[in-house]
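Down below is the structure, laid out as structure tokens.
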Amino acid sequence: MARLFGTDGVRGVAGRDLTAELAMDLSVAAAHVLGDAGAFSATGRRPVAVVGRDPRASGEFLEAAVVAGLASSGVDVLRLGVLPTPAVAYLTAALGADIGVMLSASHNPAPDNGIKFLARGGFKLSDAVEDEIERRLGEDWTFPVGSAVGRVRDAYGEADRYISHVLTTVSGRLDGLDIVVDCAHGAAHMVAPEALVRSGARVEAIGARPDGLNINAGYGSTHLPKLQQVVVSRGADLGIAYDGDADRCLAVDHTGAIIDGDQIMAILAADMHAEGTLAKDTVVATVMSNLGFKLAMRDTGINVVETAVGDRYVLERMKSGGYNLGGEQSGHVIMLDHATTGDGLLTSLHLLSVVARSGKSLRELATVMTPLPQILINVKDVDRGKASVPELTEAVALAEKELGETGRVLIRPSGTEPMIRVMVEASSEEHASEVAGRLADVVRAACV
């Protein structure tokens, strides 16, 4: 049987793959694995969980199922309402909760949803802990009764605690900056504009009217044309785009040019290096990061440590190595001095702080690195488990030989969808596109 947990929790089409029954069963198992439910009678203390969600319509019934599973297992539950994933992570730690739960499918379309569990301190779970939760699904539990059942209360006002926290992590204000912020009709639609306005910026918010069905639809970090259009037409200094659960962000400069996660990390790393706050003069990135990023860091005197794709692997390497900055090209940036996970709002505030303090435009700051041409093709509706079949392995070897030292190839199965990603870097966009197209054809033929 395929593993239930993917690279970022349990995801699927809500009501079909991710049912209320599954959500409740997962929560009961998580209560016992993470909260020691059933053992609190010896200590006199019930475990506590915080539960947040993005605005998807399905989040309403999934939240009810998760809360029911936790409370019926003897866990007290604080319902946080609609908040970004990093806000839930922060509040898990700040409120001393034993369990954090976020209901979101991030950048996926509205019919999808997901359940992500967080451990004490607000950290993502290891594979081993996820496997233990999955193993204990459907176990024959003895549920508490009477005064031993968990209690449930709303804690929607805790959003302000999160906003105050992220604002205290930046030095100086953003007075005078004119910003367009795209909230993807997602979890950041209230907290992001509020935080940016409090910081002194002039803010126009788009994608900030969620109706439960429009999350990520034409807006957000995976759909940037609308943001580009508004930034240019308004004459704004720059734009910021979050994804559905706001654990990542991308930016556009005043001309509408996209500033991706590698460029954001490069700007932050260079600034922290100059300020003497970059731990061990090292940044952690994934194998998907552009070669131009690595070359720029080398020229700036900064080391780059590589990990597999996935912000959880970036975080694991940061914690084990004592590093405080890492992230992905997609815009997941982890600033471990201030957060336990990728945080789009936190990242954007620090990026804007560099702009404000330096007096330079985002376009100028982004010249710290020159991206090499990179083509990414997402080959959909294929068997992601066949990403290492002999036919594809042979085609990749031939492509790498052809590119030599001027480029590279990366084949990666999606962790959440029936899709294989083909990434090629080369000295020219034409060459990268030709090689990537050829490999994508091999994937379509060999991985069905």
The condition of being modelled with pLDDT of 95 or more and not basic (Lys, Arg) holds, among Ala308, Ala296, Ala339, only for Ala339
Look at region 265-280 and say how many of its residues are part of a helix (DSSP H, G or I) and surrounded by 15 or more Cβ atoms within 10 Å (Cβ to Cβ). 10
Among (1) outside any loop (DSSP other than H, G, I, E, B); (2) at pLDDT below 95 - the single one Tyr90 does not satisfy: (2)
Taking first residues from region 198-217 that are within 26 Å of Asp178 (Cβ to Cβ) and in contact (Cβ under 8 Å) with a residue 40 or more places away in the chain and second residues anywhere that are in a strand (DSSP E or B) and open to solvent by less than 20 Å² (accessible area, probe 1.4 Å), the pairs with Cβ under 7 Å that are 6 or more apart or on different chains are Ala201/Ile179
Residues of region 312-327 being hydroxyl-bearing (Ser, Thr, Tyr) and either farther than 16 Å from His338 by Cα or open to solvent by less than 10 Å² (accessible area, probe 1.4 Å) (or both), which ones? Tyr313, Ser320
Criterion violated by Tyr323 - all others in (1) of a type in the set (Ser, Thr, Tyr); (2) farther than 30 Å from Glu430 by Cα; (3) in a helix (DSSP H, G or I) satisfied: (3)
When you go through Ala148, Ala119 one by one, which is the residue that is in contact with a strand residue (DSSP E or B) (Cβ under 8 Å, 6 or more places away or on another chain), in contact (Cβ under 8 Å) with a residue 12 or more places away in the chain, of a type outside the set (Asp, Glu) and surrounded by fewer than 23 Cβ atoms within 10 Å (Cβ to Cβ)? Ala119
Out of (1) more than 23 Å from Ala296 (Cβ to Cβ); (2) among the basic types (Lys, Arg); (3) surrounded by fewer than 18 Cβ atoms within 10 Å (Cβ to Cβ), the odd one out for Arg363 is which? (1)
Per-region count, region 281-311, residues part of a helix (DSSP H, G or I) and either open to solvent by less than 20 Å² (accessible area, probe 1.4 Å) or in contact with a Lys or Arg (Cβ under 8 Å, 6 or more places away or on another chain) (or both): 6
Given the conditions (1) modelled with pLDDT of 90 or more; (2) over 25 Å from Leu250 (Cα atoms); (3) of a type outside the set (S, T, N, Q); (4) assigned to a helix (DSSP H, G or I), report the number of the one that Arg363 does not fulfil. (2)
Of the conditions (1) touching a strand residue (DSSP E or B) at 6+ places or on another chain (Cβ under 8 Å); (2) in a helix (DSSP H, G or I), Gly404 satisfies every one except a single condition; which number is it? (1)
Qualifying positions in region 408-434 - outside any strand (DSSP E or B) and farther than 17 Å from Val287 by Cβ: Thr416, Glu417, Pro418, Ser427, Ser428, Glu429, Glu430, His431, Ser433, Glu434
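The values are calculated or read from the model by the stated rules, or taken from the named source; none is laboratory data. These numbers come from a predicted model, not from an experiment. Glycine gets a Cβ as well: all are built from the backbone with ideal geometry, and neighbour counts include every protein chain shown. In case anyone asks, the SASA skips ligands and DNA or RNA and just uses the protein heavy atoms, side chains included. Shrake-Rupley method; radii C 1.70, N 1.55, O 1.52, S 1.80 Å.
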